[in-house]
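Engineer: This is the structure, below, for whatever I ask next.
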Amino acid sequence: MLGRTRKVAVLAAAVTLALAGCAKEDTGGTTASGVPLIKTGSLTTCTHLPYAPFQSKDAAGKVVGFDVALIDLVATKLGVTQAIVDTPFEGIKSGTDLESGKCDIAAAGMTITDERKKVLDFSDPYFDATQALAVVTGKEVKTLEQLAGKRLGVQGGTTGEDYIKTQVAEKKLDVEVVSYKDLAALQQALSTNQVEAAVNDLPVWNEYIKANPGKVAVAAGFDTGEQYGFAVKKGNAALLKAVNEALAAAKSDGTYEKLYATWIGDKPTV
Ligand code: ARG
């Protein structure tokens with residue numbers, strides 16, 4: 001015989017199943033301007049937190065940043081609100097999340113690369129970035145060569161990781177490259193001396209230094225000439241058009257510059 005708790009559980013499961021069967025699933029819809037969305041009334045954005053100043057949680061737990069503000073402009077244009085999904089960078093850059101319908105758009109401080117262009121459709125570039133080497137303040141490191149015999153931290157799946165791995169291989173450097181799953185883990189490893197130095201996009205280090213004055217310093221920059229783009233599922237021309245139009249409007253009416261000053265600080269280069 002079934003115990004009372006067990007019976008209740010079985011009943012609950014049956015009710016859930018029945019409800020799931022009846023409930024009309026939100027298969028999304030199309031906005032008045034013909035943009036398909038995975039959820040009615042929302043522009044669903046995939047990102048990988050934290051990546052300040054592009055996307056991170058504020059004190060109240062709300063996801064904010066430069067990318068968030070720009071995508072809000074797209075959402076407003078479409079007459080919907082932005083809903084943010086935090087998910088590992090790998091699924092974003094590989095196109096898997098967009099293909100599987102986890103989100104409509106990816107906004108993750110993501111660099112446009114030829115490899116990623118094969119699996120994603122990128123917007124016009126909205127930010128210029130380079131890579132930078134950060135060390136704990138006071139460390140006398142200026143070059144990768146000086147890291148011989150030491151550990152160098154990078155963020156897994158990023159252009160910074162690719163750049164460093166290529167440098168280490170090409171220059172046959174005796175450097176142990178350690179990949180961390182996200183920016184927070186990388187910064188933690190650096191500040192607790194688990195690595196001698198760490199590489200990531202320059203604006204991200206600038207932001208970290210602003211938030212933690214005196215702890216970390218940028219030791220060197222690598223001019224990789226990167227540009228960030230927002231990405232949509234391959235072939236989603238309607239959404240891509242809306243994104244590019246929103247970006248162009250923001251650039252011409254001063255909104256882009258204002259948001260840049262708010263989130264990044266220095267003057268925009270694009
Ligand atoms: N710009 C770098 C890249 O595209 C790093 C992006 C990491 N972004 C993030 N939200 N975790 O590889």
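Laboratory data are not the source of any read-out in this text; all were calculated from the coordinates shown. Bear in mind the structure is a predicted one, so any value in this text is a computation, not a measurement. In this analysis, Cβ positions are derived from the backbone assuming ideal geometry, glycine residues included, and neighbour counts consider all displayed protein chains.
Engineer: Give segment 100-142 a look and list any residue that's surrounded by 16 or more Cβ atoms within 10 Å (Cβ to Cβ), away from the ligand (no atom under 11 Å from the Cβ) and under 18 Å from G153 (Cβ atoms), or say none.
Structural biologist: A132, L133, A134, V135, V136, V141 - these are the residues of segment 100-142 that are surrounded by 16 or more Cβ atoms within 10 Å (Cβ to Cβ), away from the ligand (no atom under 11 Å from the Cβ) and under 18 Å from G153 (Cβ atoms).
Engineer: Kindly check whether there is at least one residue in segment 48-62 that is within 15 Å of the ligand (Cβ to nearest atom), out of contact with any helix residue (DSSP H, G or I) (no Cβ under 6 Å at 6 or more places or on another chain) and either part of a helix (DSSP H, G or I) or more than 23 Å from Q227 (Cβ to Cβ) (or both).
Structural biologist: Yes, that holds for at least one residue.
Engineer: Given the structure, is K172 touching a residue at least 60 places away in the same chain (Cβ under 8 Å) and part of a loop (DSSP other than H, G, I, E, B)?
Structural biologist: Criteria not met by K172.
Engineer: Okay, moving on. Working only within segment 191-216, note down all residues that are in contact with a helix residue (DSSP H, G or I) (Cβ under 7 Å, 6 or more places away or on another chain) and among the hydrophobic types (A, V, I, L, M, F, W, C).
Structural biologist: V195, A197, A198, V199, V204, V216
Engineer: Then there is this: Could you list, in sequence order, all residues of segment 141-158 that are part of a loop (DSSP other than H, G, I, E, B) and not charged (D, E, K, R)?
Structural biologist: V141, T143, L144, A148, G149, G156, G157, T158
Engineer: For segment 217-231, give me the residue count where each residue is in a strand (DSSP E or B) and either surrounded by 15 or more Cβ atoms within 10 Å (Cβ to Cβ) or among the hydroxyl-bearing types (S, T, Y) (or both).
Structural biologist: The qualifying residues number 9.
Engineer: While we're looking at this one, here's another question. Condition check: closer than 27 Å to K39 by Cα, out of contact with any Phe, Trp or Tyr (no Cβ under 9 Å at 6 or more places or on another chain) and surrounded by fewer than 16 Cβ atoms within 10 Å (Cβ to Cβ). Does K241 satisfy that?
Structural biologist: Criteria met by K241.
Engineer: Let me ask something additional. crowded, with 18+ Cβ neighbours inside 10 Å, within 12 Å of the ligand (Cβ to nearest atom) and either in contact (Cβ under 8 Å) with a residue 60 or more places away in the chain or not aromatic (F, W, Y) (or both) - does that describe any residue in segment 69-81?
Structural biologist: no
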